[in-house]
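Data first, discussion second: the structure below is written as structure tokens.
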Amino acid sequence: MKSNRRFSVTFASVIAAWLAAPPANAQISQSTVTSLPMPPPQGFNLTRDLSGLPFETTFSDVVHDYAVNATNQNAQDPLNVAYISVTATPGTNAVILPEWPNWGPDAIPDPVNGTDGCAHAHFGYAIYEKVNFFLFVPFAGWVPGGSYFSVVQTQGELGRRYDSNGEVDYGLPGTSCRVSSAPDSIYSTSSAYIWKTPADLSPIFNFVDESPVVNVDQAVVAAQSATHGWGGCGLFQCYMGVEVITQVR
């Protein structure tokens, strides 16, 4: 709650200024993450096949070391994005949930002496689907006509501090850091980093089966976790792990 703020105006002003004028390369933008080359020219960092698996079969996969051009510090570079392929038999429903793995080597550090890495934890992703279409050819029937990739959903997330009463200022000890697209109740200027499309975004992905005309047999998660000033990579901006949870539904 705002009434519980314990930190100096100077600290709050620095955070507000950072959020009001976000560096172009601080976080992958919605326009970039929804216009990436598909399939990715460098291939996939991970593939997960759900075909024929029992109901509620679940996987939690984490990808590291995906940023090919990490030294250029450019979050808009398609080579600094993790690409995860999820395939399934058309007609399958599955949870596909990309997120920041806030544990182990990717854990966001607690505040120390007014410095808070939570304010510099950025996550952005898009889920693409590969749509296969078929053409009816006289005397041959339905034949493959090709395929194309289309964006199904996208989300931009920023780390925020919370206690049992809700969102609190950065730097407050004993609070948790959550990386999410939830509206920011303290810093309205953080909206530059936060988006969710569609607004009623669901983790359930439908591998469409409208045979013989069209079907979907592959989803591609394109995601990026970016930090600033921490992360242990030896650079100001580090690219942390990307987790994708999948479950047959």
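Every read-out reported here was derived from the displayed coordinates using simple, explicitly stated rules and does not represent laboratory data. It should be emphasised that the depicted structure is a prediction, and the values quoted were computed from it without experimental measurement. Cβ sites come from the backbone with ideal geometry, for glycine too, and all protein chains shown count toward neighbours.
For the reader, a short list of remarks on this structure follows.
- For the chain, the longest principal axis of the C-alpha atoms and the axis of helix 9-20 are separated by about 20°.
- Here the chain is treated with +1 on each Lys and Arg Cβ and -1 on each Asp and Glu Cβ, and its dipole about the Cα centre works out to around 460 debye.
- Distance between the pseudo-spin-label points of E56 and Q42 (7 Å out from Cα toward the beta carbon): 3.8 nm.
- Beta bridges from DSSP with both residues in the stretch 2-248: antiparallel share about 95 percent, rounded to the nearest 5.
- The label point for D110 and the one for L79, both projected 7 Å from the Cα toward the Cβ, are 4.0 nm apart.
- Fraction of the pair-distance distribution of the chain above 22 Å, Cα-Cα pairs, percent: 57
- Helices in the chain, meaning DSSP H runs of at least 4 residues, each add -39500 (n - 2.57). Divided by all residues, the mean residue ellipticity at 222 nm is -1500 deg cm²/dmol.
- Cα-based equivalent ellipsoid, the stretch 140-249: semi-axes from gyration tensor eigenvalues, Å: 38, 17, 13
- Chymotrypsin sites (Phe, Trp or Tyr not before Pro), loop per DSSP, at most 12 other Cβ atoms within 10 Å - longest free stretch of the chain: 140-235
- The stretch 117-134 and the stretch 193-220: distance between their alpha carbon centers, rounded to Å: 12
- Neighbour counting of Cβ atoms within 10 Å sorts the residues C238, C118, C233, fewest neighbours leading, into C233, C238, C118.
- Calculated FRET efficiency for the pair E210/R249, C-beta based, R₀ 22 Å, to 0.05: 0.70
- Of I127, I245, I28, the sequence from fewest to most neighbouring Cβ atoms within 10 angstrom is I245, I127, I28.
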